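Presented below is the structure to which this report refers.
The values are calculated or read from the model by the stated rules, or taken from the named source; none is laboratory data. Model, not experiment: these values are computed from the prediction. Cβ placement follows ideal geometry from the backbone for every residue including glycine, while neighbour counts extend to all protein chains displayed.
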Amino acid sequence: MKLFENLHMVLVIGLVLALALMYGTGHAPQPETLFRWMHVFFGITWIGLLYYFNFVQVPTMPKIPAELKPGVSKFIAPSALFFFRWAAAFTVLTGLIVAHLNHYLAEALTFKQGHQLIGIGMWLALIMAFNVWVLIWPNQKKVLGLVEASDTAKAQAGRIALVASRTNTLLSLPMLVAMSTYFQNPW
């Protein structure tokens, strides 16, 4: 079917169906509901790509014949990193908006009584987003040849990006526990 060949059209139809589900079941989306939904969507995209890089791409690259590696490094990785870093940014932004709309932003960020768990989750997410934008992305640009770098600098950049990415994988597990547990019983 032609429809499924157009990713943008699939996403638009999926969004229309999601809104129809909300309105059709009497759950007209309020700003908090829409931002929470966006937070979950961007978060799934971010963590899904983090896991793709760590569980699939990094372990598989040494097994790929040299002549095929440019297919990953010139096309797949830059595209995946685009969605990865912007999903990180929008996950954090929408999460902060949800906390603000629900009047617990300051309480969570300062670990006030009853908000420690979500505060820990938020700070872990902020550290992870910092890693994406300050450590992973700038170093991956060197590794992928998007910016000039010597072979030595590329090797060093690859190591920094790997450690930051593995740190994010490590932090993602307690971050998800903190956030999902908080939303089971936020008060």
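Looking only at the stretch 148-171, decide whether some residue is touching a Gly at 6+ places or on another chain (Cβ under 7 Å) and in contact (Cβ under 8 Å) with a residue 60 or more places away in the chain. Even if it seems obvious, please write down each step before you answer.
If we filter the stretch 148-171 for residues that are touching a Gly at 6+ places or on another chain (Cβ under 7 Å), which is where we start, we get none.
So far as the stretch 148-171 goes, no, none of its residues is touching a Gly at 6+ places or on another chain (Cβ under 7 Å) and in contact (Cβ under 8 Å) with a residue 60 or more places away in the chain.
Kindly check whether there is at least one residue in the stretch 70-79 that is free of Cβ contacts under 8 Å to residues at least 24 places away in the same chain, more than 25 Å from ILE136 (Cβ to Cβ) and either in a helix (DSSP H, G or I) or under 14 Å from the mean Cα position of the chain (by Cα) (or both). Lay out the reasoning, then the answer.
Keep residues of the stretch 70-79 that are free of Cβ contacts under 8 Å to residues at least 24 places away in the same chain, which gives 70-72, 75-76, 79.
Still in the running and more than 25 Å from ILE136 (Cβ to Cβ): none.
The answer is no; no qualifying residue exists.
This table checks each residue for (1) buried (at least 18 other Cβ atoms within 10 Å of the Cβ); (2) in a helix (DSSP H, G or I); (3) under 19 Å from the mean Cα position of the chain (by Cα); (4) among the hydrophobic types (A, V, I, L, M, F, W, C).
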| site | (1), (2), (3), (4) |
| --- | --- |
| TRP123 | no, yes, yes, yes |
| VAL132 | yes, yes, yes, yes |
| LYS141 | no, yes, yes, no |
| ALA164 | yes, yes, yes, yes |
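The criterion of being assigned to a loop (DSSP other than H, G, I, E, B), at pLDDT 95 or above and more than 16 Å from the chain's Cα centre (by Cα) does not hold for ALA155. The residues of the stretch 94-103 that are surrounded by 15 or more Cβ atoms within 10 Å (Cβ to Cβ) and without any contact (Cβ under 8 Å) to a residue 40 or more places away in the chain, listed by number, are LEU96, ALA99. Against the conditions (1) assigned to a helix (DSSP H, G or I); (2) more than 23 Å from the chain's Cα centre (by Cα); (3) modelled with pLDDT under 95, where does ARG36 fall short? Just the number, please. That leaves (2) as the condition not met.
Total residues in the stretch 29-68 satisfying the condition of being in contact with a helix residue (DSSP H, G or I) (Cβ under 7 Å, 6 or more places away or on another chain) and either within 22 Å of HIS100 (Cα to Cα) or among the acidic types (Asp, Glu) (or both): the figure is 10. You will find that of VAL40, VAL72, the residue that is within 20 Å of ARG159 (Cβ to Cβ) and surrounded by fewer than 17 Cβ atoms within 10 Å (Cβ to Cβ) is VAL72 and no other.
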